[in-house]
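Accompanying notes for the structure given below.
The values are calculated or read from the model by the stated rules, or taken from the named source; none is laboratory data. Just so it is clear, the model here is predicted, and its values are computed rather than measured. Neighbour counts run over all protein chains shown; Cβ positions are idealised from the backbone, glycine included.
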Amino acid sequence: MKRPIKSGKLQSGGFSLNVLTDDELYEIHLGTLEILKTTGVYVESEEAREIFRIGGANVNESNKVVTFPNYLVEESINSAPDTFHAYGRIPESDVVLEANRITFTNFGEGIMFVDPYTGEHRETTKNDVEMASRLIDYLEHIETYERCMLSHDKHHSVQALHNAEASLTN
């Protein structure tokens, strides 16, 4: 299991980057609460909206927007575990995610691509997902992979299956 280095821990050495004060972070938190309470999140899935409704969120079926009371967000944050284990295909690839621990992942989710062979700026394809997955797998310091592109060449009703296949088999 990979246990990446911790940041922000007082030690004789190491690296820490603190660009925001605790007060500034709290202001961002309050702003996020306000946006979740007043603007909300568009949720296309009817099943997901029902789960949110049962969980205490406010659901507007006419525009498919879910808003979240402050207490619900705070309870959700407080109920989240301090440590999360992201298990890989092999135990050596497992990653521990927790406070002050630095991990790296690839950037996701690109919808346009500059073809490395033709220079063409185009939508991404399943083949692009496959190639990028293999490349990212070889990068030593990328601990977790997230799908980096979409298979625009596949119908949207089965696109998720093609994306998963391209990512998981490569």
- Message: Against the conditions (1) of a type in the set (Ser, Thr, Tyr); (2) in the same structural domain as LEU161 (by TED's automatic domain parsing); (3) farther than 17 Å from SER167 by Cβ, where does SER133 fall short? Just the number, please.
- Response: (3)
- Message: As an exercise: evaluate GLU98 against (1) without any contact (Cβ under 8 Å) to a residue 40 or more places away in the chain; (2) surrounded by fewer than 12 Cβ atoms within 10 Å (Cβ to Cβ); (3) over 21 Å from ASN163 (Cβ atoms) and give the number of the one condition it does not meet.
- Response: (2)
- Note on the structure: Out of (1) within 27 Å of PHE104 (Cα to Cα); (2) hydrophobic (A, V, I, L, M, F, W, C); (3) touching a strand residue (DSSP E or B) at 6+ places or on another chain (Cβ under 7 Å), the one VAL73 does not meet is (3)
- Query: Can you name the residue in segment 36-48 that is under 20 Å from the mean Cα position of the chain (by Cα) and part of a helix (DSSP H, G or I) and is also surrounded by the fewest Cβ atoms within 10 Å (Cβ to Cβ) among such residues?
  - Reply: ALA48
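Residue-wise test of (1) assigned to a loop (DSSP other than H, G, I, E, B); (2) over 19 Å from ARG49 (Cα atoms); (3) at pLDDT below 95.
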| site | (1), (2), (3) |
| --- | --- |
| VAL59 | no, no, no |
| SER62 | yes, no, no |
| VAL66 | no, no, no |
| GLU74 | no, yes, no |
| PRO81 | yes, yes, yes |
| HIS85 | no, yes, yes |
| ARG89 | yes, yes, yes |
| VAL96 | no, yes, yes |
| THR103 | yes, yes, yes |
- Task: Would you confirm whether any residue within segment 79-87 is closer than 24 Å to LEU30 by Cα, outside the structural domain of THR144 (by TED's automatic domain parsing) and either touching a residue at least 40 places away in the same chain (Cβ under 8 Å) or touching a Ser or Thr at 6+ places or on another chain (Cβ under 7 Å) (or both)?
- Result: no
- Item | Meets criteria (surrounded by 10 or more Cβ atoms within 10 Å (Cβ to Cβ), hydroxyl-bearing (Ser, Thr, Tyr) and at pLDDT below 90) for THR124 | no
